[in-house]
Amino acid sequence: MAWFEKPLPTIISTPKDLRSIMTDLNTHLKNYIRDIPNFPIPGIMFRDITTLLVDADAFKQAIDGLLAPYRGEHIDKVVVIESRGFIFGAPMAYELGAGVVPVRKPGKLPSETITEEYSLEYGTNTLQLHTDAIAAGERVIIVDDLLATGGTVDATIKLVRSQGGEIVGVSFLAELMDLNGRERVSGVPLHSLVQYD
């Protein structure tokens, strides 16, 4: 059995233990994420997480790793960003005893919404949140699969704050470090399991 096939420790007693486990998890989970060159356009290296999702142990370890900073915290809502944030955030909410709040593209939510527009490299995009999804003072974490330029999570942070939500942290399965998305979420604790330079 290779070292990366061994289960990771689940007992975390100090911040140092957490850092050590997260370093191991970063290396471990990269083995389950497939690189697809030149997708969706030439020059892009696509990080395909479907190979992680189909492996039950790797998926469980990813969820456990995403949960680690929030165990023992009182979390009211887990805000999940369309669409792959749904995959990771829903089981996290279940484990934390929290509600799930979807943030979606326009026209997908059926009741009254608030809207936040954000910039892309070429143009803009928009996200929406139901106006009754988060109550003032509720403790919230935001979850998505990937942090790239940070536009999506920045817009989501603004939506949550506009409703009076207290953001405890933002969490991502993977982070593309060279795109500097962290700069868009300054002042909010950020947790990513896998980092790519």
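Please say if segment 53-92 is rounded, prolate or oblate, where rounded means a/c under 1.5 for a ≥ b ≥ c the square roots of the C-alpha gyration tensor eigenvalues, and otherwise the choice is prolate for a/b larger than b/c and oblate otherwise?
oblate
With the crude spin-label approximation of a point 7 Å out along Cα→Cβ, what separation in nm comes out for D35 versus D48?
1.4 nm
Suppose we keep just the DSSP beta bridges with both residues in segment 14-196; what percent of those would be antiparallel, to 5?
Numbers: 13 of 36 bridges.
Counting only bridges with both partners in segment 14-196, antiparallel ones make up about 35 percent.
Can you tell me how segment 28-113 classifies by the Cα gyration tensor, rounded, prolate or oblate, using a/c under 1.5 as the rounded cut?
It comes out oblate by the Cα gyration axes.
How big, on average over all directions, is the shadow cast by the Cα convex hull of the chain, in nm²?
Average of the hull's projected areas for the chain equals 11.8 nm².
Give the calculated FRET efficiency between D132 and H74 to the nearest 0.05, with a Förster radius of 22 Å applied to their Cβ-Cβ distance.
0.60
Could you work out how much longer the chain between E183 and T23 gets when fully extended? Use 0.36 nm per residue separation minus the Cα distance between them, nm to one decimal.
The span from E183 to T23 would gain 55.4 nm if fully extended.
Let me check against my output: what whole-number percent is the relative contact order of segment 14-196, with C-alpha pairs under 8 Å and at least 6 apart?
That works out to 19 percent.
Rule-based calculations on the coordinates, nothing more; no lab input. As the structure is a prediction and not an experimental result, all values here were calculated from the model. As a convention, Cβ positions derive from the backbone with ideal geometry for all residues, glycine included, and neighbour counts pool all protein chains shown.
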